[in-house]
Amino acid sequence: MSEIKHDPNYPKRGQVLFATLFLICATLLLAAIGDQTKWLKGKAFFAQPRFWPGIGVGGMVLFTALHYWNLPRRERRMPRWIREADWFQWAESLFWGVLAGVLALTLGPVLAAPFVFLVATMRISYIYLHKMDWKEAKVWLSVFEWAGWFLAYVVLVPVLGYLPMTLVFAPLLTWRMGYRSRRILWSSVGFGVLVVLVFKAFLQVKIPGALVYEYLPGTIRNFFILNL
Amino acid sequence: MDLITEFFTQMGASAGILARWDVALALLVGSIGGVLIGAIPGVGPAVAIAILLPATFSMDPIVGLTVLLGIYGSSMYGGSIPAILINTPGTAVNALTTYDGYPMTTRGEARRALSLAYSSSFFGGMFSVAALIFFAPVLAKVAPMFGSREIFLAALLGIILVVVAHRKHTLIAAAMACFGIWLGTIGLHPASYSKRYTFDQSWLSGGVNLIVVVLGLFALSQAFVLLQGDDENVTLKKMKGSFFQGFRELARHPRIAGASATFGVVMGMIPGVGEFTAQFMSYTYAAKTSKRPEDFGHGSSEGLIAAETANNAVPAAAMVPLLALGIPGEALTAMMLSVFYVHNVIPGPQLFQNEMDFVVALYIALALLNVLVVIFLLVATNQLIKVVKIPNKFLGVCILILSFVGVYSLRNSFTDCILAAGFGILGFILKRLSLPIVPIILGMVLGGIMEVKLRSAMARVKTPLDFIDRPIAAILFVMILFVLALHVRRVMLDRKERKAQEWSNSHASTSFETNLSRRKASLLKARGKQVKERRSTFSRRSTDSD
């Protein structure tokens, strides 16, 4: 069936879900190409502003669809009455056919094609999505917590200052990760100080002085804004 | 004679560029930092280079490049340490080292394995630098023959090779490369002043910054992976004795070392191929020509030499397409390209023609780096291996803090950080599913190059055949066709094999009825054995002779 089926190092959970999501996004982007790029008259074909985005988005749709086709899949087991009811399958086919026809008539065939493809993708993915895919999706969602920590850090640095914020953030996140030993908490603090000194004080990387530093007295204020 | 004097004047001029305290410091920091980073499993050179990139923008090009090149060249030395001692490759390219390195550790030869790895890495590194310094005049003659269409074809070849190199993931790798190409096109199209995929958002009109994508896909995603995972318990034993014996042992295998280093240099120069192919080819070569091929994978010193020599010969060679044509062949050199762009130095044939000093200086820096690293490792290995013990989640915290410096110092923009976090999540998902990430970066960089070069090349092309009427263009075109043909052939062979497996009648059936009958047969067999045994207790055959 697939070239990756027999590889023990290749996780199967989540593959169909990822392919589905990526294909949906790619299809939507392809549908937007007429709106988001221009085709200029009098310009050569290869110099058109639409040429390379077209290759990119078109390739995304094509290759992701082929990848999806090639994935090891397991079919959803439908209730018995659906499996046995011929009329239901006929009716469903008719329904999708009519929907595609109506879309083509109202939007025009070119504009409707991506949407028909999209609907077909979703219908097919309904068959092949498995319980394990949703378990994997939960893991993906759990990463948003770490992204949230990162963004909170980003928001607070210009307010509280790079050094103070790092000195709070590093041990706090270390604590959140489940470390309780004094040694590792202190080493996280030390790491934070080291990073600030190396990047801000020594390499003079561009990180703006904090709002809080404005309240410091004269010379200390300048020193803080420049170095910490 | 003329050539030799010319060579020495060249070396003198280039050494002058390096004789500065900041370059020396960069060399030291890059080499020791690279070894440390390589030795920590979970942090590769990609993470480190991505984080340091924005900091190097304010430095001189030669200083910034020396740091990055130092990390690139020395991380593989460090990566071999955990590969040999705890069977976990420190960087991705050390995966092959575990095959023969770890079995040597299990039979108590850890010190021999490590010293062999250091000495073969050193040989690979020095061999490639020497080869490239000697070939540089030749390259300087060939490089100007690359016009727009040749560079376009070389970039195309690079993208195709990267996609094809991801065995078993070719299709999704192609999709990712196209994703990268599309990402690169976002923003204002400079040739026509028309917006592309900006969705009327002002923050998108400047385009998606490569550094933001790189930091998200490599650094943040790795932080997420580490934070999500578990800590491992690592036990290490202290090693006694010196690490010098490896050089003597390496000297007994000159053929394998030479061939592997050559594979490394040649494969490194072709964009999109890189370490893995070089290692694979030299390892196969070593196994086929060895007197004891059965030892490979069970602690063969020749296997270790082949793997380590090949991967360390690549970095110097990988700089060739970057410097001579402006085409990066892999993620790390793609990141280094942005250092050039920031300083408005566009690498290409002109760089090789006019600034040979700069190029040779980089190579001398690389050679010095190898010497520094080997001295450092010979002295400090026992202290260094302690970094392996840093717990994974704590490492994740550290990378998250460092990633902030990388993203935020670029433009002090919050949207950049959100974008990087988004790419971090995408990278995390791709890593979980073991899908390829590198094609995205290469698609982004090479896509931009291809767009510009194709436009200027097509201006002078009337018929399609005009495109390949120059010798180098024709060679590149034939290479592209050859690579595609090889790939098609391999896909067909794989397919045939798969079909043969599906149709063969000796496989374990998955059908329910067959399983039942098999179960029944095995139960009956077990029962039969039991009965036989019981009966035999009553009439046991005598084994005594009397």
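Derivation of every value follows stated rules applied to the coordinates shown; laboratory data play no part. Owing to the predicted nature of the structure, the values given are computational and were not obtained by experimental measurement. Neighbour counts are summed over all protein chains in view; Cβ atoms, including those assigned to glycine, are modelled from backbone coordinates with ideal geometry.
Any chance you could check the Cα centroid distance between region A:70-112 and region B:17-32 for me, in angstrom?
About 65 Å separates the Cα centre of region A:70-112 from the one of region B:17-32.
Determine which residues of region B:124-149 fall in the zone a paramagnetic label at B:ILE475 would reach in this model, i.e. backbone nitrogen under 11 Å from the point 7 Å along Cα→Cβ.
Counting only backbone N, you get B:139, B:142-143, B:145-146.
Per DSSP H run of at least 4 residues, take -39500 (n - 2.57); add these up for chain A, divide by its residues and hand me the 222 nm value, nearest 500 deg cm²/dmol.
It comes out at -23000 deg cm²/dmol, rounded to the nearest 500.
Roughly what percent of Cα-Cα pairs across chain A reach past 22 Å?
72 percent
Along the charge dipole of region A:15-129, pointing to its positive end and built from +1/-1 on Cβ of Lys, Arg, Asp and Glu, which listed residue (A:PHE51, A:THR64, A:TRP90) has its Cα farthest out?
Of the options given, the answer is A:PHE51.
I need two numbers for region B:378-425: Rg to one decimal and Dmax as a whole number, Cα atoms only, in Å.
15.6, 46
Considering every residue in A:194-200, what mean count of other chain Cβ atoms within 10 Å of its Cβ is obtained?
Taking the mean over all residues of the peptide, I get 3.
What does the net charge come to around B:ALA92 if you take all other residues with beta carbon closer than 13 Å to its beta carbon, with K and R at +1 and D and E at -1?
After counting each charged neighbour, the total is -1.
Cα axis of helix B:301-325 to longest principal axis of chain B: angle in degrees, 0 to 90, nearest 10?
20 degrees
Where does each of A:LEU172, B:LEU419, B:LEU524 land when they are ranked from fewest to most other beta-carbon atoms within 10 angstrom?
Listed from fewest to most nearby Cβ atoms, that is B:LEU524, A:LEU172, B:LEU419.
Give, rounded to the nearest 20 debye, the magnitude of the charge dipole that region A:15-129 has about its Cα centre when Lys and Arg contribute +1 at Cβ and Asp and Glu contribute -1 at Cβ.
260 debye
Given 37 °C and 0.692 mPa s, how large is the Stokes-Einstein diffusion coefficient of region A:15-129 in µm²/s, with Rh as the Kirkwood radius over Cα pairs? Show your work: numbers first, answer last.
Working: Rh = 16.3 Å.
Estimated diffusion coefficient is 201 µm²/s.
Given +1 on the Cβ of Lys and Arg, -1 on the Cβ of Asp and Glu, and no further charges, what dipole in debye does the protein assembly as shown carry about its Cα centre, rounded to the nearest 20? Mind showing how you got there, number by number?
Values: 71 positive and 42 negative charges, 573 e Å.
Taking the Cα centre of the protein assembly as shown as origin, the dipole is about 2760 debye.
Given an 8 Å cut-off on Cα distances and at least 6 residues of separation, report the relative contact order of region B:186-257 as a percent.
18 percent
From the helices alone, meaning DSSP H stretches of at least four residues, give me the mean residue ellipticity at 222 nm for chain B, per-run term -39500 (n - 2.57), in deg cm²/dmol to the nearest 500.
Computed ellipticity for chain B at 222 nm equals -24500 deg cm²/dmol.
Measuring from the lowest to the highest alpha carbon on each principal axis, how far does region B:159-230 reach, largest first, in angstroms?
Principal-axis extents of the Cα atoms in region B:159-230, largest first: 47, 31, 17 Å.
What's the magnitude of the charge dipole for region A:174-228 around its Cα centre, counting Lys and Arg as +1 and Asp and Glu as -1 at the beta-carbon? Answer in Debye, nearest 20.
Dipole size: approximately 300 debye.
Is region B:288-407 rounded, prolate or oblate when judged by the Cα gyration tensor, a ≥ b ≥ c being the square roots of its eigenvalues, rounded requiring a/c under 1.5 and prolate requiring a/b larger than b/c?
Numbers: a/c = 2.04, a/b = 1.25, b/c = 1.63.
It comes out oblate by the Cα gyration axes.
I'd like to know which of B:VAL438, B:PHE512, B:ALA526 lies farthest towards the positive end of the charge dipole of chain B, counting +1 on Cβ of Lys and Arg and -1 on Cβ of Asp and Glu.
Result: B:ALA526, furthest along the dipole toward the positive end.
Note down the net charge around A:PHE51, summing +1 for each Lys or Arg and -1 for each Asp or Glu among other residues with Cβ under 12 Å from its Cβ.
Values: positive: A:LYS38, A:LYS43, A:ARG50, B:ARG196, B:ARG455; negative: B:GLU451.
Net local charge, A:PHE51 excluded: +4.
Tell me, what does the Kirkwood hydrodynamic radius of region B:1-115 come to in angstroms if you use every pair of distinct C-alpha atoms?
Value: 15.7 Å, from the Cα pair sum.
Tell me, what is the Rg over Rh of region A:91-145, with Rh the Kirkwood radius over Cα pairs?
Value, to two decimals: 1.20.
P(r) of region B:338-404 in 10 Å steps, Cα pairs, percent per bin?
16, 23, 26, 27, 9
As an exercise, find the ratio Rg/Rh for the protein assembly as shown from alpha-carbon atoms, using the Kirkwood inverse-distance average for Rh.
With Rh from the inverse mean 1/r over Cα pairs, Rg/Rh is 1.01.
Order these peptides, B:111-121, B:277-287, by their mean beta-carbon neighbour count within 10 angstrom, highest first.
Top to bottom by mean Cβ count within 10 Å: B:111-121, B:277-287.
Just flag the trypsin sites (Lys or Arg not before Pro) in region B:455-487 sitting in loop per DSSP whose Cβ has no more than 16 other Cβ atoms within 10 Å.
Answer in residue order: B:ARG460, B:LYS462.
Kindly write out, for region B:449-464 in residue order, the coupling ³J(HN,Hα) from the Karplus curve 6.51 cos²θ - 1.76 cosθ + 1.60 (θ = phi - 60°), rounded to whole Hz, with x marking Gly and Pro.
Taking θ as phi minus 60°, the curve returns 5, 4, 4, 5, 5, 5, 4, 6, 6, 6, 5, 10, 10, 9, 10, x Hz for region B:449-464.
In chain B, if every C-alpha pair distance is counted and binned at 20 Å from zero, what percent goes to each bin?
Using 20 Å bins, I get a P(r) of 20, 50, 22, 6, 2, 0 for chain B.
Quick check on region B:212-334: take the gyration tensor over C-alpha atoms, sort the square-rooted eigenvalues as a ≥ b ≥ c, and tell me if it's rounded (a/c under 1.5), prolate or oblate.
Cα axes put region B:212-334 in the oblate bin.
Got a sec? How would B:HIS343, B:HIS166 order by Cβ neighbour count within 10 Å, fewest to most?
Final ranking by Cβ density, sparse to dense: B:HIS343, B:HIS166.
Taking neighbour Cβ counts within 10 Å as the exposure measure, how do B:VAL373, B:VAL23 sort from fewest upward?
Least crowded to most crowded, the residues run B:VAL23, B:VAL373.
If we restrict to alpha carbons, what Rg and Dmax does region A:71-114 come to, in Å?
Over region A:71-114's Cα set, Rg and Dmax evaluate to 14.9, 39 Å.
Among rounded, prolate and oblate, which fits region A:143-227 when a ≥ b ≥ c are the square roots of the eigenvalues of its C-alpha gyration tensor, a/c under 1.5 means rounded, and a/b larger than b/c means prolate?
On the way: a/c = 2.14, a/b = 1.64, b/c = 1.31.
It is prolate, given that a/c is not under 1.5 and a/b is the larger ratio.
So which trypsin sites (Lys or Arg not before Pro) in region B:174-273 end up in coil per DSSP with only 15 or fewer other C-beta atoms within 10 Å? Don't jump to the answer; show the numbers that get you there.
On the way: sites: B:LYS195, B:ARG196, B:LYS237, B:LYS238, B:LYS240, B:ARG248, B:ARG252, B:ARG255; in loops: B:LYS237, B:LYS238, B:LYS240, B:ARG252.
The qualifying sites are B:LYS237, B:LYS238, B:LYS240, B:ARG252.
What is the sum of charges around A:VAL205, taking Lys and Arg as +1, Asp and Glu as -1, for the other residues whose C-beta is under 15 Å from the C-beta of A:VAL205?
+2
Tell me, how many Å apart are the Cα centres for region B:254-302 and for region B:77-118?
16 Å
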